[in-house]
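Chemist: Mind having a look at this structure? Questions to follow.
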Amino acid sequence: MVRTFFLHVEDSSPLINLHPALKILALVAVNLEAWIIESPFVLLTLLLALIALFRALRVPLSRVGRFLAFAAVVVQAIMFSCILGSAIPGRVVLLRLPWGTYVSDMTVLYAAAMVLRFMVMLVGSTLILAVMRDMDVVYGLKSLGVPFTASFTVSLALRAASMFLEDYFKVRDAMVLRGTDFSSGSVFERARKYARLAVPLMVLGVRRMLELSYVLEVKGVGLRRRRTYIHQFQLGWRGYVVAVALVLAPILSLVAKLWLGVLTFPGWPLR
Amino acid sequence: MGYFFGYTLHVWLDGGLGDLIAPLVCLLIFKLTKADPELRTRRDKVVWALAVPISSLVCGLWVHTVHLLFSIITWPFWYVGVLTYFIGDSLAVFTVGTPLLKTLTGYVKQSPMYIWRRG
């Protein structure tokens, strides 16, 4: 098993040993593709393909389940705004609302397409981030021409978010043990309790920043200092082909949507 | 299990950049007006009282435009979203941010990270 940013993944997974730059390009490409495509049929096919990839690439699919509550919030936001605040022409008008909008058969389909778009982004991002290691962020961004300091800062930011969450739970538990009840009182009273929680949390954050800056200084990380790298990643001709495909895919999709009219809503075979 | 696991482009543009924009707007207003974040004088408090709604509005505009671009909401809900975000976020920042500024500004100024201006 290999320890990635967020979980343990089988070391036999082909995605683990993928060039870090390809992981980052894939992450961007899958999100851009989902953003560009509007056709529900194409989005559904993409979603099923991504779910199949979880199995094929031996990445635990159960991790997606953790986002079901978050997905449910977004799904209800999409449904709510599409049903109550849109006027998408269709063959049948199911409901006319007093403020001028209406619900047609296409409204429901459009809402479903947007839910699929969101799910493709979520499942695709989870697949790539599940195999992302600390060094992948640094080496991947460096390979794409981002300066080392900026790449390292992004990696540290991702790591710091987890540390900040750990600190939050520690401070909250300590306050609960001293008698603070976060679940009682009015909204403002609760907010005031959280404000009191934020003070030690911020003090911890400042201390961590100080420690981190000393460590970085001791390790010789600087803006203009030249660096040597312990790992060497070779892209190879196959890697270059994949990289070009990942860059071209969103561009071609955008061209196909804007000039050829494919990938638009409702798209084939529903048009 | 990290916070950024399952981080989509939409969430990054929305939460990542949106939450960065709001404090930057506040910082800009404080810099332009030369106000003290410790909120000692009446003038500092007035600047804070104006900076919070402005930054909440800018952040709300950004967040809901991103939602709109990703088709999470439709046009009529953009207005509703911006308005509710403006009210809700301003209240939350006033409640949580004010004691934080008063108690932590001194602490941050005493830390070695703080750069004192010469002269």
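The values are calculated or read from the model by the stated rules, or taken from the named source; none is laboratory data. Quick caveat, the model's predicted, so the values are computed rather than measured. Neighbour counts run over all protein chains shown; Cβ positions are idealised from the backbone, glycine included.
Chemist: Of all residues being modelled with pLDDT of 85 or more and in contact with a Ser or Thr (Cβ under 9 Å, 6 or more places away or on another chain) in the stretch A:259-271, which is farthest from residue A:116 (Cα to Cα)? Just the residue, please.
Modeler: A:262
Chemist: With respect to residue B:71, is the statement that it is more than 14 Å from chain A (Cβ to nearest Cβ) and of a type in the set (S, T, N, Q) true?
Modeler: When the stated conditions are applied, residue B:71 does not pass them.
Chemist: Is it true that residue A:204 is aliphatic (A, V, I, L, M), more than 30 Å from residue B:112 (Cβ to Cβ) and surrounded by 14 or more Cβ atoms within 10 Å (Cβ to Cβ)?
Modeler: no
Chemist: Separate question: With respect to the numbered conditions (1) more than 8 Å from chain A (Cβ to nearest Cβ); (2) more than 30 Å from residue A:81 (Cα to Cα); (3) free of Cβ contacts under 8 Å to residues at least 12 places away in the same chain, which one is the sole condition not fulfilled by residue B:11?
Modeler: Result: residue B:11 fails condition (2) only.
Chemist: Exactly one condition in (1) of a type in the set (Val, Ile, Thr); (2) modelled with pLDDT of 90 or more; (3) farther than 30 Å from residue A:113 by Cβ is not met by residue B:108; state its number.
Modeler: Every condition holds for residue B:108 apart from (2).
Here is a yes/no grid of residues against (1) out of contact with any Leu (no Cβ under 8 Å at 6 or more places or on another chain); (2) not aliphatic (A, V, I, L, M):
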position	(1), (2)
A:5	no, yes
A:30	no, no
A:34	no, no
A:49	yes, no
A:58	yes, yes
A:61	yes, no
A:88	yes, no
A:95	yes, no
A:106	yes, no
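Chemist: OK, next. Just to be sure I understand, how many residues within the stretch A:166-187 are within 14 Å of chain B (Cβ to nearest Cβ) and surrounded by 14 or more Cβ atoms within 10 Å (Cβ to Cβ)?
Modeler: The qualifying residues number 3.
Chemist: Could you please give the count of residues in the stretch A:129-165 that are surrounded by fewer than 18 Cβ atoms within 10 Å (Cβ to Cβ), in contact (Cβ under 8 Å) with a residue 24 or more places away in the chain, more than 12 Å from chain B (Cβ to nearest Cβ) and in a helix (DSSP H, G or I)?
Modeler: Of the residues in the stretch A:129-165, 3 are surrounded by fewer than 18 Cβ atoms within 10 Å (Cβ to Cβ), in contact (Cβ under 8 Å) with a residue 24 or more places away in the chain, more than 12 Å from chain B (Cβ to nearest Cβ) and in a helix (DSSP H, G or I).
Chemist: Take residue A:77 and tell me if it is within 11 Å of another protein chain (Cβ to nearest Cβ), surrounded by 15 or more Cβ atoms within 10 Å (Cβ to Cβ), without any contact (Cβ under 8 Å) to a residue 12 or more places away in the chain and more than 21 Å from residue A:13 (Cα to Cα).
Modeler: So residue A:77 fits the description; yes.
Chemist: Quickly run through the stretch A:187-221 and pick out the residues that are farther than 18 Å from residue B:93 by Cβ, touching a residue at least 40 places away in the same chain (Cβ under 8 Å) and part of a helix (DSSP H, G or I).
Modeler: A:208, A:212
Chemist: If you don't mind, there's one more thing I want to ask. Of everything in the stretch A:145-167, what is in contact with a Leu (Cβ under 6 Å, 6 or more places away or on another chain) and not β-branched (Val, Ile, Thr)? Give them in sequence order.
Modeler: A:151, A:167, listed by residue number.
Chemist: Please verify whether the stretch A:95-112 includes one or more residues that are acidic (Asp, Glu), surrounded by fewer than 21 Cβ atoms within 10 Å (Cβ to Cβ) and over 30 Å from residue A:248 (Cα atoms).
Modeler: Within the stretch A:95-112, one or more residues are acidic (Asp, Glu), surrounded by fewer than 21 Cβ atoms within 10 Å (Cβ to Cβ) and over 30 Å from residue A:248 (Cα atoms).
Chemist: Here's another thing I want to ask about it. Taking only the stretch B:18-41 into account, find how many residues are touching a residue at least 24 places away in the same chain (Cβ under 8 Å), surrounded by 17 or more Cβ atoms within 10 Å (Cβ to Cβ) and under 17 Å from residue B:94 (Cα atoms).
Modeler: 6
Chemist: Could I ask something else about it? Could you please let me know if residue A:105 is more than 10 Å from chain B (Cβ to nearest Cβ), touching a Pro at 6+ places or on another chain (Cβ under 7 Å) and among the charged types (D, E, K, R)?
Modeler: Criteria not met by residue A:105.
Chemist: For residue A:4, only one of the following conditions fails: (1) surrounded by 21 or more Cβ atoms within 10 Å (Cβ to Cβ); (2) modelled with pLDDT of 90 or more. What is its number?
Modeler: (2)
Chemist: Regarding the stretch A:21-33, can at least one residue be identified that is of a type in the set (A, V, I, L, M) and either outside any helix (DSSP H, G or I) or closer than 20 Å to residue A:110 by Cβ (or both)?
Modeler: Checked against the condition, which is being of a type in the set (A, V, I, L, M) and either outside any helix (DSSP H, G or I) or closer than 20 Å to residue A:110 by Cβ (or both), the stretch A:21-33 yields no hits at all.
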